[in-house]
1. Please report the net charge: other residues with Cβ closer than 13 Å to the Cβ of Val26, K and R +1, D and E -1.
2. Go through the chain and name the trypsin sites (Lys or Arg not before Pro) that are in a DSSP coil and have 11 or fewer other Cβ atoms within 10 Å of their Cβ.
3. Suppose a student asked you for the relative contact order of the chain, using Cα pairs under 8 Å spaced at least 6 residues apart; what percent would you report?
4. If we count every other residue with Cβ under 15 angstrom of Asn64's Cβ, Lys/Arg +1 and Asp/Glu -1, where does the sum land?
5. Loop only per DSSP, at most 10 neighbouring Cβ atoms within 10 Å: give me the GluC sites (Glu not before Pro) in the stretch 3-78, ordered by residue number.
6. What longest region of the chain stays clear of chymotrypsin sites (Phe, Trp or Tyr not before Pro) that DSSP places outside H, G, I, E and B and that have at most 16 other Cβ atoms within 10 Å?
7. Largest first, how would His75, His47 line up by accessible area (1.4 Å probe)?
8. How far apart, in nm, are two points set 7 Å out from the Cα along the Cα-to-Cβ line at Asn11 and at Ser66?
Amino acid sequence: MKFSMNGFRRNFSEDMGLLREIVFAVINDNDYDKEDLVDLLNQVITHSNVINCIYDNENPDFSNMSDTNVKRLEHQDA
């Protein structure tokens with residue numbers, strides 16, 4: 001399977017930037033959409049879970065960590 005680390009890192013960074021903006025709004029008591037916050041957090045969680053499934057059998061420092069994942073936040077939990 002081929003995986004684009006550059007594309008992954010670019011998407012991950014963009015989502016982190018958006019999440020940063022919402023967190024910044026929250027800590028400065030500005031209005032924000034709770035659903036947007038949950039959606040972005042879940043996107044970042046997805047990125048983290050995906051990267052844990054990528055590995056190289058020939059590299060012991062890049063092993064399969066698919067058993068390490070974060071549960072997504074459901075909207076009703078927010």
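The values are calculated or read from the model by the stated rules, or taken from the named source; none is laboratory data. Keep in mind the model is a prediction, meaning the values are calculated, not measured. Using ideal geometry, Cβ is built from the backbone for each residue, glycine included, and neighbour counts are taken over all protein chains shown. Quick note on the areas: whole protein, heavy atoms, side chains included, nothing else; ligands and nucleic acids left out. Shrake-Rupley method; radii C 1.70, N 1.55, O 1.52, S 1.80 Å.
1. -3
2. Loop-located and lightly packed - Lys2, Lys71.
3. 25
4. On the way: positive: none; negative: Asp56, Glu58, Asp61, Asp67.
Net of charged neighbours comes to -4.
5. Numbers: sites: Glu14, Glu21, Glu35, Glu58, Glu74; in loops: Glu58, Glu74.
Sparse-neighbourhood loop GluC sites (Glu not before Pro): Glu58, Glu74.
6. Working: sites that count: Phe3, Tyr32, Tyr55, Phe62.
Maximal segment without exposed cleavage sites: 4-31.
7. Values: His75 85, His47 20 Å².
The most accessible residue leads, giving His75, His47.
8. Here the modelled spin labels are 1.8 nm apart.
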